């Protein structure tokens with residue numbers, strides 16, 4: 001954890017992956033993140049594997065550097081306590097549909113009425129101004145709606161989801177940027193703001209940076225789709241004993257590659273030496289690699305390509321990353337003791353920061369673990385908290 005956002009208090013009303021991924025980054029940067037959960041807790045707590053019912057691996061990996069507070073926001077007393085917290089906060093983040101938040105009384109206008117300079121950020125599935133605003137959305141829905149599932153189609157053209165929660169995590173990164181932008185605006189002007197970071201628009205924007213292609217021009221110069229990325233031979237190439245990712249990218253890379261493999265005549269082809277022709281015929285070039293790559297083992301290729309400074313890597317399984325030489329050297333995977341879950345292995349923040357104090361990360365908390373601490377700060381005593389417990393508020 002880095003002391004970058006010290007003294008910034010974030011009220012985190014998010015759940016599952018999108019929002020928690022975003023607010024964990026804020027926590028990694030030193031913000032005080034109060035994770036407000038309902039009586040049952042974030043549903044991601046129950047997703048297996050896990051040693052206990054409320055502390056699944058995925059939840060633990062998205063919720064470090066936060067304090068867990070249980071509040072029943074459907075109760076009058078719960079909303080009252082939330083408003084008192086808003087008065088102490090800099091940021092409110094949620095990933096509910098806007099009308100759901102407003103119905104609960106925790107929308108932007110509700111929060112702004114209690115704290116005029118609040119930075120209010122939300123990331124629902126579809127933007128508020130469109131006809132899909134009230135449609136529920138999770139990662140699979142957005143992968144399909146955005147066109148990503150067809151980009152990842154199998155050999156028969158059937159759409160497939162990527163086996164990672166990419167729509168959630170892209171939106172999470174965009175939500176983090178929104179919060180930081182809102183805080184900069186507040187610092188410069190003294191005024192708060194509301195920023196919406198919808199998943200659908202966010203992933204389409206993310207994909208279309210390169211996939212807009214010929215549709216970028218009016219009149220159109222062709223359809224969507226970036227030729228190199230959609231090439232049928234753009235896959236790890238087979239070797240004598242496995243696979244290798246091999247990417248001659250520049251003109252010189254291609255020339256060096258064909259000389260390296262004893263095919264200098266190919267290095268003189270126009271589809272190699274001319275950048276436009278190379279782009280138009282990239283699939284043919286990848287097919288050439290596919291014909292050549294089985295001639296050597298993966299280790300032989302790595303040694304040869306390293307000496308020639310041609311971009312490449314062996315193709316790793318996820319399990320191999322734990323003991324990966326580079327990741328071990330930089331300490332990305334770290335062992336730690338969780339207060340309730342015992343010995344754990346986690347992935348630290350990927351950032352390397354110099355010139356700013358670094359403090360020890362705090363592991364994900366049990367449901368309501370910070371109730372007493374936070375409610376005492378609001379002036380409640382033990383008797384008050386026992387009454388809240390009896391009334392189903394906490």
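Since every read-out is calculated from the coordinates, none of them should be taken as a lab result. Here the structure is a predicted model, which is why all the values come from computation and not from measurement. Using ideal geometry, Cβ is built from the backbone for each residue, glycine included, and neighbour counts are taken over all protein chains shown.
When only Cα pairs below 8 angstrom with a gap of at least 6 residues are kept, segment 237-314 shows a relative contact order of 47 percent. For segment 14-52 versus segment 114-192, the inter-centroid distance based on Cα atoms is 17 Å.
Match the structure shown to one of the listed values [x] 130; [y] 190; [z] 319 of volume of the Cα convex hull per residue in Å³, computed from it, and give that label. The value computed from this structure is option [y].
By other beta-carbon atoms within 10 Å, ranking 321, 246, 366 with the fewest at the front produces 321, 366, 246.
Pull out a ≥ b ≥ c, the square roots of the eigenvalues of the alpha-carbon gyration tensor of segment 195-235, then state rounded if a/c is under 1.5, prolate if not and a/b is larger than b/c, and oblate in the remaining case. Because a/c hits 1.5 or more and a/b fails to exceed b/c, segment 195-235 counts as oblate.
Is segment 237-314 rounded, prolate or oblate when judged by the Cα gyration tensor, a ≥ b ≥ c being the square roots of its eigenvalues, rounded requiring a/c under 1.5 and prolate requiring a/b larger than b/c? Note, shape of segment 237-314 comes out prolate. Once a ≥ b ≥ c are taken as the square roots of the eigenvalues of the Cα gyration tensor of segment 292-382, is the result rounded (a/c under 1.5), prolate (a/b larger than b/c) or oblate (a/b not larger than b/c)? Note, shape of segment 292-382 comes out prolate. Summary value for segment 73-229: 22 percent relative contact order, contacts being C-alpha pairs under 8 angstrom separated by 6+ residues. Put in order of Cβ neighbour count within 10 Å, fewest first, the listed residues 352, 347, 92 become 352, 347, 92. Nearest 10 degrees, 0 to 90: what angle lies between the long axis of helix 18-28 and the longest principal axis of the chain (Cα atoms)? So the inclination is approximately 80 degrees. Using C-alpha pairs below 8 Å separated by at least 6 residues, the relative contact order for the chain is 19 percent. Site pair residue 251 and residue 38 shows an inter-label distance of 6.1 nm when each label is modelled 7 Å from Cα along Cα→Cβ. Sorted ascending by nearby beta carbons within 10 Å, beginning with the fewest, 43, 288, 208 become 43, 208, 288. The angle separating the long axis of helix 76-86 from the principal Cα axis of greatest extent in the chain is about 60 degrees.
Taking the DSSP beta bridges with both ends in the chain, the antiparallel portion is around 40 percent.
Dividing the summed -39500 (n - 2.57) terms of all DSSP H runs of n ≥ 4 by the residue count of the chain sets its mean residue ellipticity at 222 nm at -11500 deg cm²/dmol.
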